[in-house]
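A.B. asks: First the structure, then my questions, so here it is.
Rule-based calculations on the coordinates, nothing more; no lab input. This structure is a prediction, so every number in the text was calculated from the model and none was measured. Here Cβ is always computed from backbone atoms with ideal geometry, including for glycine, and neighbour counts include all displayed protein chains.
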Amino acid sequence: RGDHRQQGRGSFFGPGGQQQGRGRGSGPGGGRGRGPRRDGRPQRVDRQASVKVAADWVVVEEFDLGQLTKLSTKAPEAEDLAWAGELATYNEAFDRCSTKNSPSLQRMENVEFYYVTTTDDPAIEKFAEESAGDVYGTDAIFSLLMASPRSVYPWDVVVQKVDGALVFDKRDTASFDFITVSETSHEPPQEPSRDGDADQHDATSKDPKHLDINSPEKLSVEATMINQNFSQQVLRSDVPPAKMELPNPFGGGPTSNADGAASSSGGTGTTTKPAAVAYRYRKFKLGDHEIVSRTELHGLVEKRGADTKQRMTAYALNEWASRLSGGVDWRQKIDQQRGAVLATELKNNSCKLARWTAQSILAGADVMKLGYVSRVGRANPYEHVILATQFYKPKEFANQITLNVNNMWGIVKMLVDLLFTKDDGKFVIARDANKPIVRIYAVPMNTFEDDSADDDNDLQNQDQDESSDDDD
């Protein structure tokens, strides 16, 4: 429980950034399509469930996603419990990004990113021991539930009810820490056929290694790395970061990777440091219950004439192949018609944008920095440029994307109230893979306890495969 970096490495170590902490997965999507359609109708996609339902799981509740949009409750006030980590200052030079001034996205090869789940967070464990609340979770988990009516890909959340408290958790092999791409598009990304379907995948070779760069899984890994790199690149390195009252709970300082397994550049013996992130632990009074959540902030913004700096979150949309994703060509539109680009992204990535906005609101961010990152070439998923950036106020942006804050909290309140009526035990909240249905299962208490060992074996095999790919 102490060494999160060693306890659960992330599932990819591609160019730019490293994922650490529990929560690896094969990437969202995962289903095979029926091939491209030419009649204008949406393609049918048969996706695989995010988690296998065992024979001893019992459905205790089931409801349509559409029902969740009717829920509403007043947004609760937030109380800060603790701050950890550090916040660096935003670099205003990135406000001037354009198609003619588009800096390359840098690879943060020696920076570690942590995606630690609720039960592995030592700060949340301490708050639970002190009975600071009766519901515990993270912004990643709660934002997923808040944005769930917009979700298309399957997902699942594990909840334990023990001694009058609820703990919202994720499986070791869950994939929702990976960022989805074109999830809500009219024609979402498809798994590649092995007959060299270059029209769907912009492949330059029929080698299977090159065919799937635009598969849901590979796009998800690409988008996650882009967000990791972007969130750190837009920060100033010449100004010392503001230290929070507590150090980073998952990586206290620079460490040496003597095992050679955590370097995204493929090297060994490198020195790494935690990403510049502040963890803000907050308590929300929601009805009869008190929710304790870890939230994240990514930087500080200096405003001329202001006495205090604004706290920000940072995320990046990415263009992969506008012709295939039903989008517009960013290089032609983004300088003069950025609103049209955002409108198209909202159509294609409605769930992702809602999750980012919910996370920003949970963290109490003053502003949210949104970057527009594009591939240098449409067949090259490893090199990117930053074409534009834009600041938004989270609550105003929520209104712009028709995300109702009271509905967000209404969904969480309904689930919390419902689970408190159940006996102590373990539950799984899961979205159906192909129908807009959410089910709550009662599962045995030892469910998923073997995932960690299986996860380590999978990671070892994956590292060997990636090493072989690099050699090739």
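A.B. asks: Which of the peptides 334-345, 386-397, 56-67 is most tightly packed, and how do the rest follow, judged by the mean count of other Cβ atoms within 10 Å per residue?
C.D. replies: Taking the mean over residues of other Cβ atoms within 10 Å, the ranking is 386-397, 334-345, 56-67.
A.B. asks: ALA365: net charge of surrounding residues, Cβ under 13 Å, Lys/Arg +1, Asp/Glu -1, itself excluded?
C.D. replies: Value of the local net charge: +3.
A.B. asks: Below 9 angstrom from the Cβ of TRP83, what's the summed charge of the other residues (Lys, Arg +1; Asp, Glu -1)?
C.D. replies: Charge balance in the 9 Å sphere: -1.
A.B. asks: Over 28 Å between C-alpha atoms is what I'm after, so list which of LYS352/LYS435; LYS309/LYS395; LYS347/LYS422; LYS393/LYS422; LYS126/LYS273; LYS161/LYS395 land there. Don't skip to the answer; put the middle values down first.
C.D. replies: Details: LYS352/LYS435 19 Å; LYS309/LYS395 18 Å; LYS347/LYS422 38 Å; LYS393/LYS422 38 Å; LYS126/LYS273 25 Å; LYS161/LYS395 32 Å.
Those over the limit are LYS347/LYS422; LYS393/LYS422; LYS161/LYS395.
A.B. asks: Filter the trypsin sites (Lys or Arg not before Pro) in the stretch 54-109 down to the DSSP loop ones having no more than 12 other Cβ atoms within 10 Å, then list what survives. Before the final figure, lay out the partial values.
C.D. replies: Working: sites: LYS70, LYS74, ARG96, LYS100, ARG107; in loops: LYS70, LYS74, LYS100, ARG107.
Counting only loop positions with at most 12 other Cβ atoms within 10 Å, the trypsin sites (Lys or Arg not before Pro) in the stretch 54-109 are LYS70, LYS74, LYS100.
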